[in-house]
Every structure is written in structure tokens, then in C-alpha cells.
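What follows is one structure encoded as C-alpha cells, with my remarks underneath.
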Amino acid sequence: MAANNSVIGGEYSMHQINDRVILVQVLVAVFLCINLFLITTFFMKELYTTMRYILFVITLLSDCLLLFITDILLILNYFHFTIQIWLCLIIYIVVSLYTFVTPVTLTAMTLERYVAICMPLRHGELCSTCSALHCILIIHVLSSVPCIVILSIFFVSATHSFYTQRRICSVETFIFYKWQGHLRSAISQFYFLIMCITIVFSYLRIMKVAKAASGENRKSTWKGLRTVILHAFQLLLCLIQLWCPLIEAALLQINFMLYINVRYFNYITFILAPRCLSPLIYGLRDEIFFHALKYYVLCCFVKNNSFHLTN
């Protein structure tokens with residue numbers, strides 16, 4: 001009887017995991033389609049002359065790449081498919097880099113709103129297209145620091161034969177010592193602290209300007225303030241993601257099914273959810289982007305109707 005119960009429980013768990021994997025595929029497909037549509041709108045409407053939209057599309061591209069790769073890793077891990085360490089290393093570099101690119105870019109977008117509202121006379125100078133390109137370079141340099149630190153220790157510690165071994169690809173593959181995990185956590189928390197200070201500073205300064213403004217300026221300032229709040233919430237979700245590996249590693253030592261459930265929850269809440277907030281913040285709330293989206297959706301609808309009528 002106990003054996004039968006364990007088999008039934010195992011089948012139920014596998015069925016539950018299958019449902020979860022299918023749900024993740026649907027969510028990833030939806031988010032990728034929305035993001036790719038927004039990226040297409042960005043280039044068709046020629047919004048690449050404004051720093052705000054340039055940074056926005058960087059977050060969309062980063063999110064698309066991260067969603068695609070993490071989804072592939074999810075499928076590989078689910079089927080226990082092993083790959084060689086050198087290939088896992090390349091995947092880890094991309095995932096590690098773009099895990100930080102989105103929150104760092106959100107911080108840069110918050111600073112752009114701060115400059116636009118609190119320093120309007122210098123906005124054209126500080127937030128030009130050239131400055132945006134420099135900002136993108138700085139974002140990628142800052143985002144690569146955690147990856148460089150972890151991999152520097154890995155390259156020193158790993159033997160040549162280790163690169164040709166086949167394993168299930170995960171970040172734990174490149175952490176040989178317990179203190180490496182602590183160092184990784186410390187770097188993530190340092191980034192978290194700096195970004196939080198930046199968000200709070202921008203919020204307080206914008207609020208001060210909002211209270212002193214009047215008329216249209218007041219309305220525009222409060223809209224910018226709401227955008228900063230949304231950035232802060234999205235940034236919080238992204239940064240909590242940096243703590244997830246530590247929580248999951250601790251739960252793995254306690255209960256495997258609890259580890260699976262928490263890992264699934266973390267993936268949905270702290271990886272997928274923040275990636276769907278970017279379209280909400282700029283795709284729908286921003287007037288220029290919203291009108292551009294509305295225009296292209298209507299154009300597609302009219303063309304499709306015309307095609308069906310002619311046939």
C-alpha cells in the first residue's frame with residue numbers, strides 16, 4: 001500500500017511538474033511576442049533618438065535574451081540533459097551578464113527621469129543619443145563585474161579536463177568553495193544597496209519638485225514620480241532574484257520537493273514577472289509609445305480585414 005502511494009505521489013508530482021513546464025512555455029511565449037512587438041514599434045517609429053526609449057529597448061532586448069536562455073535551461077534541467085562545461089560556461093556568462101543588465105538599466109532610466117524633471121535645462125545635454133550609447137557601454141561594464149569576479153576564481157581553480165566533462169548546467173557548477181557563494185551574495189547585495197540608494201534619492205528629489213510645481217509641470221512631474229515608483233517595484237523584483245540561489249541551495253538540503261516548488265515560484269515571480277512590467281510601464285503608460293502601438297495594431301487589423309474582403 002505504501003509502495004502504491006509513493007508511485008501515485010510520484011506520478012502526481014511528475015504530472016504537476018509537466019503542467020508547470022507547459023505554463024512556463026506559454027508565459028515565455030506571450031512575453032517574448034509582446035516584447036518583440038514593442039522592439040519592432042521602437043524601430044518603425046524611429047524612437048531611437050530619445051535616451052529614454054533607447055534604454056527601454058535595451059531592457060526589452062535583455063529580457064528577451066534572458067527569458068529565451070533561462071527557458072532552454074529549464075527544459076534541459078527538466079529532462080536531465082547534460083552538456084559540456086565549456087558550453088555551460090558560455091551560457092552562464094550571458095545569463096549572469098543580462099541578469100544584471102536589466103536592473104542596472106532601470107536605475108539608469110530612473111536617473112534619466114531625475115535629470116528630465118529636476119534638471120530640465122541640462123536634459124538635452126546629459127541625455128543625448130551619444131550619451132545614451134556611452135550609458136549602454138557603462139551598463140554592460142558594470143553588469144559584467146559579478147561574472148568576472150566569479151569566473152576569475154573558477155579559471156584559477158578548474159583543471160583543463162574539467163571543461164570537457166558533461167553536467168547539468170547551473171551556476172553551482174562554477175562555485176567550488178563555500179566562500180565563493182558568500183562572495184557572490186555580497187556583490188549582489190552591494191549592487192542592491194547602490195541601486196536602492198539611487199532610486200530613493202531620485203524619488204525624494206522628484207517629489208520635492210512635484211510639490212513645488214504647478215499646472216502642467218505639476219502633472220508631468222507626478223507622472224514621472226509614478227514611473228519612478230514602478231521602476232522601484234520592478235527593480236525590487238529583479239534584485240530579489242539575486243538572492244534566490246542562496247534560498248534555493250538551503251532548501252535543497254532540507255526537502256527536494258520544497259526546493260522544486262520554491263524554485264518554480266521564484267522563476268515565475270522574480271524572473272518572468274519583472275520582465276512583463278516593462279511593456280506595462282512604457283508600452284501602455286507612455287503616450288508616444290502607446291499611440292505608436294495603437295497605430296500599428298490598427299494598421300495590421302485594417303490590412304487583415306482588407307485581405308479577407310478581397311478573398
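Over the range 41-173, the fraction of Cα-Cα pairs per 5 Å bin, rounded to whole percents and listed from the shortest bin up, is 2, 9, 16, 17, 15, 12, 9, 8, 6, 3, 2, 0. Please list, in order, the residues from the range 71-114 whose amide nitrogen is less than 18 Å from a point placed 7 Å along the Cα→Cβ vector of SER161. Answer for the range 71-114: 84-86. Backbone phi angles across the range 90-96, fed through the Karplus curve with coefficients 6.51, -1.76 and 1.60 (θ = phi - 60°), yield HN-Hα couplings of 4, 4, 4, 4, 5, 5, 4 Hz in residue order; Gly and Pro are listed as x.
If you sort GLU172, GLU248, GLU125 by accessible surface, 1.4 Å probe, largest first, the order is GLU125, GLU172, GLU248.
Of the whole protein surface, THR50 contributes about 50 Å² of accessible area at a 1.4 Å probe radius.
When nucleic acids and ligands are ignored and a 1.4 Å probe is applied, HIS182 ends up with an accessible area of around 110 Å².
Could you sort TYR78, TYR191 by accessible area so the largest value comes first, with the probe set to 1.4 Å? Before the final figure, lay out each step's value.
Numbers: TYR78 50, TYR191 30 Å².
I get TYR78, TYR191, largest accessible area first.
Couplings for the range 58-72, taken from phi via the Karplus curve 6.51 cos²θ - 1.76 cosθ + 1.60 with θ = phi - 60°, read 5, 5, 5, 5, 4, 5, 4, 5, 5, 4, 5, 6, 5, 5, 5 Hz in order; Gly and Pro are left as x.
The values are calculated or read from the model by the stated rules, or taken from the named source; none is laboratory data. These figures come from a predicted structure and were not determined experimentally. Positions of Cβ are generated from backbone atoms using ideal geometry, with glycine treated the same way; all protein chains shown enter the neighbour counts. To get the accessible areas, we keep the full protein, side chains included, count just its heavy atoms, and leave off ligands, DNA and RNA. Shrake-Rupley method; radii C 1.70, N 1.55, O 1.52, S 1.80 Å.
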